[in-house]
Amino acid sequence: MKSTMYRNAARVMLAGALALGGAWANAQEPEYISGGVGSEQREDMQAQRGHYNLLLTFADRDGELRAGVALTVRDRKGNTVLELPDAGPMVYAKLPPGSYRITASTGGREQVRTATVGNSPRELYFHWAPETLASQ
C-alpha cells in the first residue's frame, strides 16, 4: 500500500515538474545581442546580423549612434518577450515569426514601432532629436 502511494506521489511530482519545465521553456528570453559602441564592436555585430530577424538601431537625427536606450518588445498578446534597460546602440534579436510592438526610450522620450517579423531580417531605426538627448 505504501509503495503504491509513493509511486503515485512520484508520478504527480514528475508530471508537475514536466508541466512547469514546459512553462519555463516558453518563458525564456529570445537570443539577442546588444552593443555597437565603437567601430570594432559594430563590425562584429554586423558580421552576425544574418543570424537574427529583428535588427534595431538607435541614433540621434544627426546619425550619431546612441546607447543607454530602454527597450521593450511585446508580442501580439502584449506579453513582454524582451526587455533591456540599457540597450544599444544596436540590438539584434531572434524572435519567433509574428507581430511585435517595440518601445524604445531615452532621455525621457519614448518611441513605439510595430513590426512583423519572419525568417528574413526586419530592420528598424529609432531616431531622436539631438536636443532631446543633451539632458541625459
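The table for this structure:
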{"quantity": "Filter result for the condition that a residue is outside any loop (DSSP other than H, G, I, E, B) and either aromatic (Phe, Trp, Tyr) or under 14 Å from residue 104 (Cα atoms) (or both), over 59, 47", "calculated": "59"}
{"quantity": "Residues of segment 64-122 that turn out to be closer than 11 Å to residue 54 by Cα and aliphatic (A, V, I, L, M), as a count", "calculated": "8"}
{"quantity": "Residue in segment 79-90 that is surrounded by the most Cβ atoms within 10 Å (Cβ to Cβ), counting only those that are over 8 Å from the mean Cα position of the chain (by Cα) and aliphatic (A, V, I, L, M)", "calculated": "87"}
{"quantity": "Residues within segment 94-130 that are in contact with a helix residue (DSSP H, G or I) (Cβ under 9 Å, 6 or more places away or on another chain), open to solvent by less than 40 Å² (accessible area, probe 1.4 Å) and not hydroxyl-bearing (Ser, Thr, Tyr), tallied", "calculated": "1"}
{"quantity": "Test for residue 62: is it modelled with pLDDT of 95 or more and open to solvent by 80 Å² or more (accessible area, probe 1.4 Å)", "calculated": "no"}
{"quantity": "Pairs, first within 13 Å of residue 117 (Cα to Cα) and open to solvent by less than 70 Å² (accessible area, probe 1.4 Å) in segment 45-56, second at pLDDT below 95 and not in a loop (DSSP other than H, G, I, E, B), C-beta under 9 Å, six or more apart", "calculated": "55/49"}
{"quantity": "Qualifying positions in segment 62-78 - under 19 Å from residue 107 (Cα atoms) and in a loop (DSSP other than H, G, I, E, B)", "calculated": "62, 63, 64, 66, 67, 68"}
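The values are calculated or read from the model by the stated rules, or taken from the named source; none is laboratory data. These figures come from a predicted structure and were not determined experimentally. Quick reminder, even Gly has a Cβ in these numbers, built from the backbone with ideal geometry, and neighbours come from all protein chains shown. Quick note on the areas: whole protein, heavy atoms, side chains included, nothing else; ligands and nucleic acids left out. Shrake-Rupley method; radii C 1.70, N 1.55, O 1.52, S 1.80 Å.
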